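To start, the structure under review is shown below, and the notes come after it.
The values are calculated or read from the model by the stated rules, or taken from the named source; none is laboratory data. Computed from a predicted structure; not experimentally measured. Every residue, glycine as well, gets a Cβ built from its backbone with ideal geometry; the counts of neighbours run over all protein chains shown. These accessible areas exclude ligands, DNA and RNA; they are computed on the full protein's heavy atoms, side chains included. Shrake-Rupley method; radii C 1.70, N 1.55, O 1.52, S 1.80 Å.
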Amino acid sequence: MNRQKTVGVLALQGDFEKHRKALERAGARALEVRTKDQLAQCDGLIIPGGESTTMLKLLDLEGLTGAVREFGAAKPIYGTCAGAILLAHQVTNPPQASLDLMDISVERNAYGRQIDSRIAKVPVKDGGEFEAVFIRAPIIRKVGEGVNVLASYAGDPVWVEEGRHMVTTFHPELTDDDRVHRKFIAKL
Amino acid sequence: MYFTEDFKLKTGLAEMLKGGVIMDVTNVEQAKIAEKAGACAVMALERVPSDIRKEGGVARMASIRIIREIEETVSIPVMAKARIGHFMEARVLEALGVDYIDESEVLTPADEEHHINKRDFKVPFVCGARNLGEALRRIAEGAAMIRTKGEAGSGNIVEAVRHIRTIVKEMKHLTILGKEELVHESKNLGAPLELVEWVAANGKLPVPNFSAGGIATPADAALVMQLGAQAVFVGSGIFKSEDPETRARAIVKAATYYNDPVKLLEASEELGEAMRGIDVAKLPQEELLQTRGW
């Protein structure tokens, strides 16, 4: 039996608390990450929803940008919403810096403002469907050749993986369904 | 009845704002400074609370032109304030596409008995509260986020501390009571039994709980977060200080590292003068903003 895996949740800003609970439900040990030392204890990392501009600022301020990029060169990262924006190769609306760990292009706030936020039933490639909660969500506009689309909504990919990394533009942590978190834990 | 799909979307955005700082701004330039400093949202209003306090007059929803300019300029969520009970100001703000409406005691109340029926709206609302009864009444009306009121525009943290401590203490109390006692508490609190029972079972509010009213320094922000707030609103504290940009950045850092005194020390260094505060105990009763709301 392997030791229980430790999954960090980047806790600079955003809904890190909901991810922590989802991870615990899915059977991993969750650790809030605000420093390099905490990051070094993790087998994988979740970058939660929140404001990507705020997270970028705090990553830079604390010298974590390089540390998270290095972490991603060896270990899995899962990004939701703002996390997907941070992991993307290219960001638009407006253009901004990113960690550039996945070959995807992401448009911020692509559905519109909060009144355009929505909950949709989304079919998953492996069967069944998800309750996908989109909150001021981005849209993945382009995916590279090595990217595997796991679920789409209204013609756009909303759950994709590339090698060890994975993103969703919706928030499984806001529901009781922990299948996405289990899939991520299986990558560790 | 309360925990609908719509409620999940509304509280969902509040979840995304946790650990962050929502900054009061009165124009596009301030909104840009706030975004650049790492604010997780901005609150558009006509005058910051300390100016409303000084200048008096009727404080209303901000000008549409300014709110629209701010929406077009920043990529973070934009909130705006409506007067208590003024559901038509709220309808206008909803049509304008603001991301959250603050039904706020900082503006002059439009109705002295009723708050807005917030469940009728698609846009989420945040409301102020000084105690658990007030918080639960606002949630019953449809608020998807509570912020403790503090005393806006005072630069004095004492009321924010009083309100967050009161709410936390009242919630803890509910968790040790029996079913029949909760019925009695529901009567005392003036809040629906269903919500009282939810708090008793979970020991927290069913919506995110933020803090506002008097936060002027990084240590102030860290203090209310230690006491249980999950994010902070800063009003006059930033743009009434000597160096708003540095102070905004410092409070953003404090909201993340509220549990790390070394980082807090770093955040507290090299700040300019804080806003000048007011001794709330010396304010005449009729000048208090926190007593507005029913």
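Go through segment A:69-116 and tell me which strands (runs of 3 or more DSSP E), entirely inside it, have 3 or more residues that are within 15 Å of the chain's Cα centre (by Cα) and not hydroxyl-bearing (S, T, Y).
So the answer is A:88-92, A:102-107.
Scan segment B:1-16 for residues that are at pLDDT 90 or above and under 15 Å from B:R138 (Cα atoms) and report the count.
4
What is the number of the single condition among (1) away from chain A (no Cβ under 14 Å); (2) under 26 Å from B:R247 (Cβ atoms); (3) surrounded by fewer than 21 Cβ atoms within 10 Å (Cβ to Cβ) that B:K36 does not meet?
(1)
Before we move on, is A:A154 surrounded by fewer than 19 Cβ atoms within 10 Å (Cβ to Cβ), over 10 Å from A:I104 (Cβ atoms) and among the hydrophobic types (A, V, I, L, M, F, W, C)?
When the stated conditions are applied, A:A154 passes them.
Tally the residues that are open to solvent by less than 10 Å² (accessible area, probe 1.4 Å), within 11 Å of chain B (Cβ to nearest Cβ) and out of contact with any Leu (no Cβ under 6 Å at 6 or more places or on another chain), restricting the search to segment A:121-137.
Counting residues in segment A:121-137 that are open to solvent by less than 10 Å² (accessible area, probe 1.4 Å), within 11 Å of chain B (Cβ to nearest Cβ) and out of contact with any Leu (no Cβ under 6 Å at 6 or more places or on another chain) gives 2.
From the list A:L99, A:L87, A:L188, which one is touching a residue at least 12 places away in the same chain (Cβ under 8 Å), open to solvent by 20 Å² or more (accessible area, probe 1.4 Å) and not acidic (D, E)?
A:L188 is the lone residue from the list that is touching a residue at least 12 places away in the same chain (Cβ under 8 Å), open to solvent by 20 Å² or more (accessible area, probe 1.4 Å) and not acidic (D, E).
Are any residues in segment B:123-140 open to solvent by less than 10 Å² (accessible area, probe 1.4 Å) and more than 14 Å from chain A (Cβ to nearest Cβ), and if so, which ones?
Answer for segment B:123-140, where residues must be open to solvent by less than 10 Å² (accessible area, probe 1.4 Å) and more than 14 Å from chain A (Cβ to nearest Cβ): B:C127, B:G128, B:A129, B:L132, B:G133, B:E134, B:A135, B:L136, B:R138, B:I139.
Please enumerate the residues belonging to segment B:85-101 that are touching a residue at least 60 places away in the same chain (Cβ under 8 Å) and either of a type in the set (D, E) or in a helix (DSSP H, G or I) (or both).
Within segment B:85-101, just B:D99 meets the criteria.
I'd like the full set of residues that are more than 8 Å from chain A (Cβ to nearest Cβ) and open to solvent by less than 20 Å² (accessible area, probe 1.4 Å), limited to segment B:12-27.
B:A14, B:V21, B:I22, B:M23, B:D24, B:V25
Which members of segment B:148-160 meet the condition of being over 11 Å from B:G235 (Cα atoms), of a type in the set (D, E, K, R) and open to solvent by less than 10 Å² (accessible area, probe 1.4 Å)?
Residue satisfying the conditions is B:K149 alone.
Assuming B:E46 fulfils every condition listed in (1) open to solvent by 30 Å² or more (accessible area, probe 1.4 Å); (2) of a type in the set (D, E); (3) in a helix (DSSP H, G or I); (4) more than 13 Å from chain A (Cβ to nearest Cβ) apart from one, which condition is it?
If we test B:E46 against (1) open to solvent by 30 Å² or more (accessible area, probe 1.4 Å); (2) of a type in the set (D, E); (3) in a helix (DSSP H, G or I); (4) more than 13 Å from chain A (Cβ to nearest Cβ), just (3) comes out false.
Run A:K125 past the list (1) out of contact with any Phe, Trp or Tyr (no Cβ under 9 Å at 6 or more places or on another chain); (2) at pLDDT below 95 and report the number of the one that doesn't hold.
(1)
Per-residue answers, yes or no, for (1) in contact with an Asp or Glu (Cβ under 6 Å, 6 or more places away or on another chain); (2) of a type in the set (K, R); (3) away from chain B (no Cβ under 13 Å):
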residue	(1), (2), (3)
A:V91	no, no, no
A:R108	no, yes, no
A:Q114	yes, no, no
A:V149	no, no, yes
A:D156	no, no, yes
A:G163	no, no, yes
A:T168	no, no, yes
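Do the conditions hold for B:D120, that is, is it surrounded by 24 or more Cβ atoms within 10 Å (Cβ to Cβ) and among the acidic types (D, E)?
Criteria not met by B:D120.
Select from segment B:49-70 the residues that are within 20 Å of B:D99 (Cα to Cα) and either in a loop (DSSP other than H, G, I, E, B) or within 13 Å of another protein chain (Cβ to nearest Cβ) (or both) and list them in ascending order.
B:R60, B:M61, B:A62, B:S63, B:I67, B:R68, B:I70
Can we say A:F184 is within 26 Å of A:D43 (Cα to Cα), part of a loop (DSSP other than H, G, I, E, B) and of a type outside the set (D, E)?
no
Of the residues in segment B:261-276, how many are open to solvent by 50 Å² or more (accessible area, probe 1.4 Å) and either assigned to a loop (DSSP other than H, G, I, E, B) or of a type in the set (A, V, I, L, M, F, W, C) (or both)?
Number of matching residues: 6.
Out of all the residues in segment A:55-62, is one or more open to solvent by 10 Å² or more (accessible area, probe 1.4 Å), aliphatic (A, V, I, L, M) and over 24 Å from A:V160 (Cα atoms)?
yes
Which of the residues that make up segment A:14-65 are of a type in the set (V, I, T) and farther than 20 Å from A:T92 by Cα?
A:V33, A:T35, A:I46 - these are the residues of segment A:14-65 that are of a type in the set (V, I, T) and farther than 20 Å from A:T92 by Cα.
I need the full set of residues from segment A:138-147 which are open to solvent by 50 Å² or more (accessible area, probe 1.4 Å) and under 15 Å from the mean Cα position of the chain (by Cα), in order please.
none
If you check B:A82, B:A143, which single one turns out to be surrounded by 19 or more Cβ atoms within 10 Å (Cβ to Cβ), assigned to a loop (DSSP other than H, G, I, E, B) and away from chain A (no Cβ under 14 Å)?
Exactly one residue qualifies, and that residue is B:A143.
Scan segment A:21-54 for residues that are assigned to a loop (DSSP other than H, G, I, E, B), surrounded by fewer than 19 Cβ atoms within 10 Å (Cβ to Cβ) and within 11 Å of chain B (Cβ to nearest Cβ) and jot them down.
A:T35
When residues of segment B:102-124 are filtered for being of a type outside the set (S, T, Y) and assigned to a strand (DSSP E or B), how many remain?
2
Here is a yes/no grid of residues against (1) more than 9 Å from chain B (Cβ to nearest Cβ); (2) modelled with pLDDT of 95 or more; (3) within 24 Å of B:A14 (Cα to Cα):
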site	(1), (2), (3)
A:M1	yes, no, no
A:G14	no, yes, yes
A:L59	yes, yes, yes
A:T65	yes, yes, no
A:R69	yes, yes, no
A:A82	no, yes, yes
